[in-house]
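These notes concern the structure reproduced below.
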Amino acid sequence: MQSATATPVDPRPDSRLLDWYEREAADLPWRRTRDPYAIWLAEVMLQQTQVNTVIPYYERFLRRFPDIASLAAADLDEVLKLWEGLGYYSRARNLQRAARQVMQEHGGFLPRRAAELQKLPGIGRYSAGAIASIAFAEAAPVLDGNVMRVFARLTDLDEDITRSATQRKLWALAQDWLHPTRPGAWNQALMELGRRVCRPRQPDCPRCPLQKGCLARDRGRQNELPRRRPRPERPHHDLVVALLRNAQGEILIQRRPEDGLLGGLWTFPGGRAMAEDASLEAALQRCLRETLALAVRPGTALAPVQHGFTHFRITLHAWECALVCGPEESRSPETAWVQPEELGAYSFGGAERALIANWLTAATRGSATPR
Ligand code: SF4
(Lines give C-alpha, C1' and ligand atoms only; values in the text may rest on other atoms or scores of the structure.)
Protein backbone atom coordinates (compact mmCIF):
# COMPACT_ATOMS: atom_id res chain seq x y z
CA MET A 1 0.00 0.00 0.00
CA GLN A 2 1.35 3.41 -0.93
CA SER A 3 2.05 5.99 1.69
CA ALA A 4 0.58 9.49 1.71
CA THR A 5 4.04 11.01 1.47
CA ALA A 6 4.35 10.35 -2.27
CA THR A 7 4.18 13.63 -4.14
CA PRO A 8 1.08 14.33 -6.20
CA VAL A 9 1.18 16.98 -8.89
CA ASP A 10 0.30 20.38 -7.46
CA PRO A 11 -2.84 21.26 -9.40
CA ARG A 12 -2.41 25.05 -9.20
CA PRO A 13 0.28 26.03 -11.69
CA ASP A 14 -1.79 25.30 -14.76
CA SER A 15 -5.37 26.38 -15.22
CA ARG A 16 -6.98 22.97 -15.76
CA LEU A 17 -9.28 23.14 -12.76
CA LEU A 18 -10.31 26.78 -13.17
CA ASP A 19 -10.85 26.32 -16.92
CA TRP A 20 -13.02 23.30 -16.22
CA TYR A 21 -14.98 25.25 -13.62
CA GLU A 22 -15.59 28.16 -15.96
CA ARG A 23 -16.77 25.77 -18.63
CA GLU A 24 -18.80 23.38 -16.50
CA ALA A 25 -19.95 25.25 -13.40
CA ALA A 26 -23.62 24.76 -12.75
CA ASP A 27 -25.66 27.95 -13.00
CA LEU A 28 -26.80 28.29 -9.39
CA PRO A 29 -28.60 31.33 -7.95
CA TRP A 30 -25.92 32.10 -5.35
CA ARG A 31 -23.30 32.21 -8.10
CA ARG A 32 -25.11 35.10 -9.77
CA THR A 33 -24.68 37.45 -6.82
CA ARG A 34 -21.88 39.37 -5.14
CA ASP A 35 -24.01 40.07 -2.07
CA PRO A 36 -22.09 38.67 0.93
CA TYR A 37 -25.34 38.03 2.82
CA ALA A 38 -26.74 35.92 -0.01
CA ILE A 39 -23.45 34.00 -0.28
CA TRP A 40 -23.47 33.44 3.48
CA LEU A 41 -27.07 32.19 3.36
CA ALA A 42 -26.22 29.75 0.56
CA GLU A 43 -23.22 28.38 2.44
CA VAL A 44 -25.33 27.79 5.56
CA MET A 45 -28.12 26.08 3.63
CA LEU A 46 -25.68 23.93 1.65
CA GLN A 47 -24.15 22.44 4.80
CA GLN A 48 -25.65 18.92 5.02
CA THR A 49 -28.16 19.57 2.22
CA GLN A 50 -28.16 18.78 -1.50
CA VAL A 51 -27.95 21.65 -4.00
CA ASN A 52 -31.29 20.88 -5.68
CA THR A 53 -33.09 20.81 -2.34
CA VAL A 54 -31.57 24.13 -1.31
CA ILE A 55 -32.50 26.20 -4.39
CA PRO A 56 -36.23 26.80 -3.66
CA TYR A 57 -35.54 27.39 0.05
CA TYR A 58 -32.78 29.86 -0.78
CA GLU A 59 -34.97 31.82 -3.19
CA ARG A 60 -37.96 31.90 -0.83
CA PHE A 61 -35.80 32.93 2.11
CA LEU A 62 -34.17 35.78 0.20
CA ARG A 63 -37.53 37.04 -1.05
CA ARG A 64 -38.79 37.25 2.53
CA PHE A 65 -35.51 38.37 4.15
CA PRO A 66 -33.59 40.23 1.44
CA ASP A 67 -30.90 41.58 3.79
CA ILE A 68 -29.31 41.13 7.19
CA ALA A 69 -31.48 43.82 8.79
CA SER A 70 -34.75 42.13 7.82
CA LEU A 71 -33.53 38.76 9.07
CA ALA A 72 -32.32 40.25 12.35
CA ALA A 73 -35.70 41.90 12.95
CA ALA A 74 -37.75 38.77 12.14
CA ASP A 75 -39.68 36.58 14.47
CA LEU A 76 -37.87 33.25 14.99
CA ASP A 77 -41.10 31.35 14.26
CA GLU A 78 -41.19 32.84 10.79
CA VAL A 79 -37.53 32.03 10.16
CA LEU A 80 -38.10 28.42 11.23
CA LYS A 81 -41.24 28.15 9.11
CA LEU A 82 -39.23 29.15 6.04
CA TRP A 83 -36.61 26.55 7.00
CA GLU A 84 -39.18 23.80 7.58
CA GLY A 85 -38.20 20.63 5.71
CA LEU A 86 -34.55 21.65 5.25
CA GLY A 87 -33.51 20.02 8.54
CA TYR A 88 -30.66 20.86 10.92
CA TYR A 89 -32.66 23.73 12.38
CA SER A 90 -29.82 25.01 14.54
CA ARG A 91 -28.52 26.48 11.27
CA ALA A 92 -31.57 28.75 11.05
CA ARG A 93 -31.41 29.78 14.69
CA ASN A 94 -27.69 30.54 14.45
CA LEU A 95 -28.17 32.42 11.20
CA GLN A 96 -30.60 34.75 12.86
CA ARG A 97 -28.47 35.11 16.00
CA ALA A 98 -25.52 35.97 13.77
CA ALA A 99 -27.61 38.51 11.82
CA ARG A 100 -28.50 40.24 15.09
CA GLN A 101 -24.85 40.22 16.15
CA VAL A 102 -23.83 41.74 12.79
CA MET A 103 -26.40 44.50 13.26
CA GLN A 104 -25.20 45.25 16.79
CA GLU A 105 -21.45 44.86 16.42
CA HIS A 106 -20.66 45.48 12.74
CA GLY A 107 -23.16 48.14 11.69
CA GLY A 108 -25.07 45.65 9.55
CA PHE A 109 -22.06 44.69 7.40
CA LEU A 110 -20.76 41.13 7.39
CA PRO A 111 -17.09 41.03 8.51
CA ARG A 112 -14.73 40.50 5.58
CA ARG A 113 -12.09 38.29 7.19
CA ALA A 114 -12.49 34.58 7.88
CA ALA A 115 -11.10 35.01 11.40
CA GLU A 116 -13.82 37.58 12.20
CA LEU A 117 -16.57 35.57 10.53
CA GLN A 118 -15.74 32.61 12.75
CA LYS A 119 -16.76 34.64 15.78
CA LEU A 120 -20.38 34.63 14.58
CA PRO A 121 -22.80 31.88 15.69
CA GLY A 122 -22.96 28.96 13.28
CA ILE A 123 -19.92 29.96 11.20
CA GLY A 124 -17.12 27.45 11.53
CA ARG A 125 -13.82 27.26 9.75
CA TYR A 126 -15.29 25.84 6.56
CA SER A 127 -18.10 28.40 6.22
CA ALA A 128 -15.80 31.29 7.13
CA GLY A 129 -13.33 30.23 4.43
CA ALA A 130 -16.08 29.86 1.85
CA ILE A 131 -17.69 33.24 2.59
CA ALA A 132 -14.41 35.15 2.90
CA SER A 133 -12.95 33.69 -0.29
CA ILE A 134 -16.10 33.88 -2.44
CA ALA A 135 -17.54 37.20 -1.23
CA PHE A 136 -14.35 39.07 -0.31
CA ALA A 137 -11.55 37.29 -2.25
CA GLU A 138 -9.57 36.52 0.92
CA ALA A 139 -7.06 33.71 0.47
CA ALA A 140 -8.89 31.46 2.93
CA PRO A 141 -9.12 27.71 2.29
CA VAL A 142 -12.17 25.47 2.53
CA LEU A 143 -12.36 21.82 3.44
CA ASP A 144 -15.73 20.11 3.24
CA GLY A 145 -16.50 16.46 2.54
CA ASN A 146 -16.15 16.99 -1.22
CA VAL A 147 -12.77 18.70 -0.97
CA MET A 148 -11.50 16.10 1.50
CA ARG A 149 -12.38 13.34 -0.93
CA VAL A 150 -10.64 15.09 -3.84
CA PHE A 151 -7.49 15.70 -1.79
CA ALA A 152 -7.45 12.19 -0.33
CA ARG A 153 -7.53 10.78 -3.85
CA LEU A 154 -5.11 13.25 -5.42
CA THR A 155 -2.57 12.39 -2.72
CA ASP A 156 -3.55 8.70 -2.31
CA LEU A 157 -4.00 9.41 1.37
CA ASP A 158 -4.08 6.09 3.16
CA GLU A 159 -5.47 7.42 6.45
CA ASP A 160 -8.82 7.64 8.20
CA ILE A 161 -10.05 11.12 7.19
CA THR A 162 -12.19 11.45 10.32
CA ARG A 163 -9.06 11.58 12.54
CA SER A 164 -8.21 15.08 13.67
CA ALA A 165 -4.52 14.63 12.76
CA THR A 166 -5.54 13.75 9.21
CA GLN A 167 -7.90 16.69 9.03
CA ARG A 168 -5.09 19.01 10.12
CA LYS A 169 -3.00 17.61 7.30
CA LEU A 170 -5.82 18.20 4.81
CA TRP A 171 -6.41 21.76 6.02
CA ALA A 172 -2.69 22.44 5.56
CA LEU A 173 -2.93 21.07 2.04
CA ALA A 174 -6.01 23.22 1.32
CA GLN A 175 -4.02 26.27 2.44
CA ASP A 176 -0.88 25.29 0.49
CA TRP A 177 -2.78 24.57 -2.70
CA LEU A 178 -5.06 27.59 -2.50
CA HIS A 179 -5.00 29.63 -5.69
CA PRO A 180 -3.18 32.89 -4.87
CA THR A 181 -5.28 35.26 -6.96
CA ARG A 182 -8.63 33.50 -7.39
CA PRO A 183 -9.33 31.79 -4.07
CA GLY A 184 -13.12 32.01 -4.36
CA ALA A 185 -13.32 30.41 -7.80
CA TRP A 186 -10.69 27.86 -6.77
CA ASN A 187 -12.58 26.77 -3.67
CA GLN A 188 -15.85 26.53 -5.55
CA ALA A 189 -14.16 24.57 -8.34
CA LEU A 190 -12.78 22.02 -5.87
CA MET A 191 -16.19 21.59 -4.22
CA GLU A 192 -17.92 21.28 -7.58
CA LEU A 193 -15.34 18.75 -8.76
CA GLY A 194 -15.98 16.62 -5.67
CA ARG A 195 -19.73 16.89 -6.07
CA ARG A 196 -19.98 16.12 -9.78
CA VAL A 197 -16.85 14.26 -10.91
CA CYS A 198 -14.82 12.95 -7.99
CA ARG A 199 -18.00 11.48 -6.52
CA PRO A 200 -18.05 9.23 -3.46
CA ARG A 201 -18.78 6.18 -5.63
CA GLN A 202 -17.57 5.63 -9.17
CA PRO A 203 -15.55 8.83 -9.67
CA ASP A 204 -15.62 9.90 -13.30
CA CYS A 205 -11.83 10.05 -13.76
CA PRO A 206 -11.88 10.24 -17.58
CA ARG A 207 -13.76 13.57 -17.28
CA CYS A 208 -11.62 14.92 -14.46
CA PRO A 209 -9.42 17.94 -15.18
CA LEU A 210 -6.98 16.78 -12.46
CA GLN A 211 -6.53 13.21 -13.64
CA LYS A 212 -2.92 13.90 -14.69
CA GLY A 213 -1.02 13.67 -11.45
CA CYS A 214 -3.79 12.08 -9.38
CA LEU A 215 -2.03 9.39 -7.38
CA ALA A 216 -5.13 7.36 -6.55
CA ARG A 217 -6.09 7.17 -10.22
CA ASP A 218 -2.54 6.26 -11.23
CA ARG A 219 -2.61 3.42 -8.72
CA GLY A 220 -6.19 2.33 -9.39
CA ARG A 221 -7.25 3.11 -5.82
CA GLN A 222 -9.82 5.86 -6.45
CA ASN A 223 -12.72 3.60 -5.45
CA GLU A 224 -11.07 2.66 -2.14
CA LEU A 225 -10.53 6.24 -0.95
CA PRO A 226 -11.10 8.17 1.17
CA ARG A 227 -10.77 5.85 4.12
CA ARG A 228 -12.99 6.47 7.11
CA ARG A 229 -13.84 4.33 10.09
CA PRO A 230 -17.31 2.79 9.89
CA ARG A 231 -20.01 4.82 11.57
CA PRO A 232 -21.32 3.21 14.75
CA GLU A 233 -24.86 1.87 14.64
CA ARG A 234 -27.27 4.68 15.61
CA PRO A 235 -29.31 4.00 18.75
CA HIS A 236 -33.08 3.87 18.49
CA HIS A 237 -35.68 5.58 20.74
CA ASP A 238 -39.45 5.22 20.98
CA LEU A 239 -41.14 8.62 21.32
CA VAL A 240 -44.77 8.88 22.37
CA VAL A 241 -47.04 11.88 21.74
CA ALA A 242 -50.69 12.79 22.27
CA LEU A 243 -53.08 14.33 19.79
CA LEU A 244 -55.13 15.94 22.51
CA ARG A 245 -58.31 17.86 21.66
CA ASN A 246 -60.34 20.25 23.79
CA ALA A 247 -64.09 20.93 23.69
CA GLN A 248 -63.62 23.42 20.81
CA GLY A 249 -61.90 20.76 18.71
CA GLU A 250 -58.53 22.47 19.09
CA ILE A 251 -55.38 20.37 19.41
CA LEU A 252 -52.57 20.99 21.89
CA ILE A 253 -49.11 21.68 20.50
CA GLN A 254 -45.93 22.54 22.34
CA ARG A 255 -42.89 24.60 21.40
CA ARG A 256 -39.50 22.97 21.96
CA PRO A 257 -36.85 24.83 23.99
CA GLU A 258 -34.65 26.91 21.69
CA ASP A 259 -31.36 25.38 22.68
CA GLY A 260 -32.12 21.70 22.08
CA LEU A 261 -32.69 19.37 19.15
CA LEU A 262 -35.18 20.99 16.72
CA GLY A 263 -35.12 23.97 19.06
CA GLY A 264 -37.92 26.48 18.53
CA LEU A 265 -39.99 24.09 16.42
CA TRP A 266 -43.39 22.85 17.54
CA THR A 267 -44.31 19.29 18.46
CA PHE A 268 -47.11 17.43 20.18
CA PRO A 269 -46.91 16.91 23.93
CA GLY A 270 -45.23 13.68 24.99
CA GLY A 271 -41.72 12.37 25.52
CA ARG A 272 -39.49 9.33 25.37
CA ALA A 273 -40.61 5.85 26.40
CA MET A 274 -38.37 4.24 29.03
CA ALA A 275 -37.65 0.55 29.62
CA GLU A 276 -39.54 0.70 32.92
CA ASP A 277 -42.81 1.91 31.33
CA ALA A 278 -45.36 -0.92 31.30
CA SER A 279 -46.43 -0.04 27.74
CA LEU A 280 -46.12 2.75 25.21
CA GLU A 281 -49.52 4.07 26.31
CA ALA A 282 -48.30 4.09 29.93
CA ALA A 283 -45.20 5.96 28.79
CA LEU A 284 -47.39 8.58 27.15
CA GLN A 285 -49.47 9.02 30.30
CA ARG A 286 -46.32 9.37 32.42
CA CYS A 287 -44.76 11.91 30.04
CA LEU A 288 -47.86 14.13 29.99
CA ARG A 289 -48.21 13.92 33.75
CA GLU A 290 -44.55 14.90 34.26
CA THR A 291 -44.29 17.64 31.66
CA LEU A 292 -47.71 19.33 31.65
CA ALA A 293 -49.54 17.89 34.70
CA LEU A 294 -52.15 16.42 32.36
CA ALA A 295 -53.96 13.10 32.82
CA VAL A 296 -55.01 11.65 29.47
CA ARG A 297 -56.70 8.52 28.15
CA PRO A 298 -55.09 7.22 24.91
CA GLY A 299 -57.65 6.26 22.24
CA THR A 300 -57.07 5.56 18.55
CA ALA A 301 -53.44 4.87 17.66
CA LEU A 302 -52.00 6.34 14.48
CA ALA A 303 -49.55 4.59 12.19
CA PRO A 304 -46.08 5.03 13.76
CA VAL A 305 -43.53 7.19 11.96
CA GLN A 306 -39.88 6.19 11.55
CA HIS A 307 -37.37 9.04 11.37
CA GLY A 308 -33.58 9.29 11.36
CA PHE A 309 -31.38 11.98 12.88
CA THR A 310 -27.62 12.17 12.51
CA HIS A 311 -26.86 10.28 15.71
CA PHE A 312 -30.04 8.30 16.46
CA ARG A 313 -33.27 6.98 14.99
CA ILE A 314 -36.76 7.32 16.39
CA THR A 315 -40.15 5.74 16.05
CA LEU A 316 -42.85 8.30 16.80
CA HIS A 317 -46.01 6.74 18.25
CA ALA A 318 -49.16 8.84 18.56
CA TRP A 319 -52.65 8.43 19.93
CA GLU A 320 -55.73 10.56 19.78
CA CYS A 321 -56.31 11.26 23.45
CA ALA A 322 -59.08 12.40 25.73
CA LEU A 323 -58.28 14.73 28.61
CA VAL A 324 -59.09 13.18 31.97
CA CYS A 325 -57.96 16.13 34.03
CA GLY A 326 -55.57 19.04 33.75
CA PRO A 327 -55.43 22.71 32.71
CA GLU A 328 -57.30 22.42 29.41
CA GLU A 329 -57.09 26.10 28.63
CA SER A 330 -53.39 26.42 29.30
CA ARG A 331 -52.03 29.05 26.87
CA SER A 332 -48.39 29.98 27.26
CA PRO A 333 -45.57 30.82 24.83
CA GLU A 334 -44.63 27.12 25.06
CA THR A 335 -48.06 25.65 24.34
CA ALA A 336 -50.97 26.52 22.06
CA TRP A 337 -54.40 25.09 21.28
CA VAL A 338 -54.94 25.32 17.54
CA GLN A 339 -57.53 24.08 15.09
CA PRO A 340 -56.23 21.17 12.95
CA GLU A 341 -56.42 23.32 9.80
CA GLU A 342 -54.13 25.88 11.48
CA LEU A 343 -51.30 23.36 12.04
CA GLY A 344 -49.76 24.32 8.70
CA ALA A 345 -48.96 27.79 10.04
CA TYR A 346 -46.59 26.31 12.65
CA SER A 347 -43.15 24.84 11.98
CA PHE A 348 -42.73 21.15 12.81
CA GLY A 349 -39.89 18.67 12.35
CA GLY A 350 -40.06 15.96 9.68
CA ALA A 351 -41.46 13.24 11.96
CA GLU A 352 -44.33 15.45 13.16
CA ARG A 353 -45.11 16.54 9.60
CA ALA A 354 -45.38 12.88 8.57
CA LEU A 355 -47.56 12.23 11.61
CA ILE A 356 -49.93 15.07 10.68
CA ALA A 357 -50.14 13.69 7.14
CA ASN A 358 -50.96 10.21 8.55
CA TRP A 359 -53.59 11.74 10.77
CA LEU A 360 -55.28 13.54 7.89
CA THR A 361 -55.16 10.37 5.77
CA ALA A 362 -56.66 8.31 8.59
CA ALA A 363 -59.41 10.92 8.92
CA THR A 364 -60.37 10.62 5.27
CA ARG A 365 -60.73 6.86 5.83
CA GLY A 366 -62.83 7.54 8.93
CA SER A 367 -60.36 5.97 11.38
CA ALA A 368 -59.29 9.25 13.04
CA THR A 369 -61.00 12.53 13.73
CA PRO A 370 -59.00 15.68 12.95
CA ARG A 371 -62.08 17.62 11.78
FE1 SF4 B 1 -10.95 12.09 -8.35
FE2 SF4 B 1 -10.44 10.55 -10.46
FE3 SF4 B 1 -10.06 13.18 -10.57
FE4 SF4 B 1 -8.43 11.67 -9.13
S5 SF4 B 1 -8.70 11.59 -11.35
S6 SF4 B 1 -9.32 13.62 -8.50
S7 SF4 B 1 -9.87 10.14 -8.35
S8 SF4 B 1 -12.02 12.10 -10.32
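The values are calculated or read from the model by the stated rules, or taken from the named source; none is laboratory data. In this text, all values refer to a predicted model and were calculated from it rather than measured experimentally. Here the Cβ positions follow ideal geometry from the backbone for every residue, glycine too, while neighbour counts run over all protein chains shown. Note: accessible area is taken over every heavy atom of the protein model, side chains too, but ligands, DNA and RNA are not part of it. Shrake-Rupley method; radii C 1.70, N 1.55, O 1.52, S 1.80 Å.
Tabulated results
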{"quantity": "Sulfur and carbon atoms: percent of accessible area, the stretch 154-261 [1.4 Å]", "calculated": "48"}
{"quantity": "Of all DSSP beta bridges in the chain, antiparallel share, percent nearest 5", "calculated": "65"}
{"quantity": "Max mean-square fluctuation residue, GNM over the chain, Cα-Cα springs under 10 Å, options N94, N187, N52", "calculated": "N52"}
{"quantity": "By accessible area with a 1.4 Å probe, ligands and nucleic acids excluded, highest first: order of H317, H311", "calculated": "H311, H317"}
{"quantity": "Of E59, E276, E224, the one that fluctuates the most in a GNM where the chain has Cα springs shorter than 10 Å", "calculated": "E276"}
{"quantity": "Student exercise, the stretch 84-171 dipole from Lys, Arg, Asp, Glu Cβ charges, in Debye to nearest 20", "calculated": "280"}
{"quantity": "Phi to ³J(HN,Hα) by Karplus 6.51 cos²θ - 1.76 cosθ + 1.60 over the stretch 255-272, Hz, x for Gly, Pro", "calculated": "8, 6, x, 5, 9, x, 4, 6, x, x, 7, 9, 8, 9, x, x, x, 9"}
{"quantity": "Unit charges at the beta carbon, dipole of the chain: most positive-side option, Q48, T181, S70", "calculated": "T181"}
{"quantity": "Within the stretch 125-158: backbone nitrogen closer than 18 Å to the A115 label point (7 Å, Cα to C-beta)", "calculated": "125-133, 136-142"}
{"quantity": "Cα gyration tensor, the stretch 241-362 - rounded (a/c under 1.5), prolate or oblate", "calculated": "rounded"}
{"quantity": "Environment charge at P226 (Cβ cut-off 13 Å; Lys +1, Arg +1, Asp -1, Glu -1)", "calculated": "+4"}
{"quantity": "Gaussian network model of the chain, springs between alpha carbon atoms under 10 Å - residue of L262, L323, L170 with greatest fluctuation", "calculated": "L323"}
{"quantity": "Label-point gap, in nm, between D75 and D160 - each point 7 angstrom along Cα→Cβ", "calculated": "4.8"}
{"quantity": "Proximal lysines relative to K81, as straight alpha-carbon distance under 17 Å, when same-chain residues fewer than 8 apart are discounted", "calculated": "none"}
{"quantity": "Percent RCO, i.e. relative contact order, over the chain, from Cα pairs under 8 Å lying at least 6 residues apart", "calculated": "15"}
{"quantity": "Computed accessible area, M103, all protein chains, 1.4 angstrom probe, square angstrom", "calculated": "80"}
{"quantity": "By average C-beta atoms within 10 angstrom, highest first, the peptides 78-86, 61-69, 337-345", "calculated": "78-86, 61-69, 337-345"}
{"quantity": "Carbon + sulfur, % of accessible area of the stretch 59-144 - ligands and nucleic acids excluded, 1.4 Å", "calculated": "49"}
{"quantity": "For the stretch 102-249: accessible area per residue (Å², 1.4 Å)", "calculated": "47"}
{"quantity": "Under 29 Å from the Cα of K212 - lysines, other chains or at least 8 residues apart", "calculated": "K169"}
{"quantity": "Reciprocal of mean inverse Cα separation for the chain (Kirkwood radius, Å)", "calculated": "23.4"}
{"quantity": "Peptides 145-154, 214-223, 126-135 ordered by average Cβ neighbours within 10 Å, highest first", "calculated": "126-135, 145-154, 214-223"}
{"quantity": "Per-pair calculated FRET efficiency, R0 = 45 Å: A293 and R60 via Cβ, rounded to 0.05", "calculated": "0.70"}
{"quantity": "Relative contact order (%) - criterion: Cα under 8 Å, at least six apart; region: the stretch 122-222", "calculated": "34"}
{"quantity": "Shape of the stretch 66-163, Cα gyration tensor, a/c cut at 1.5", "calculated": "oblate"}
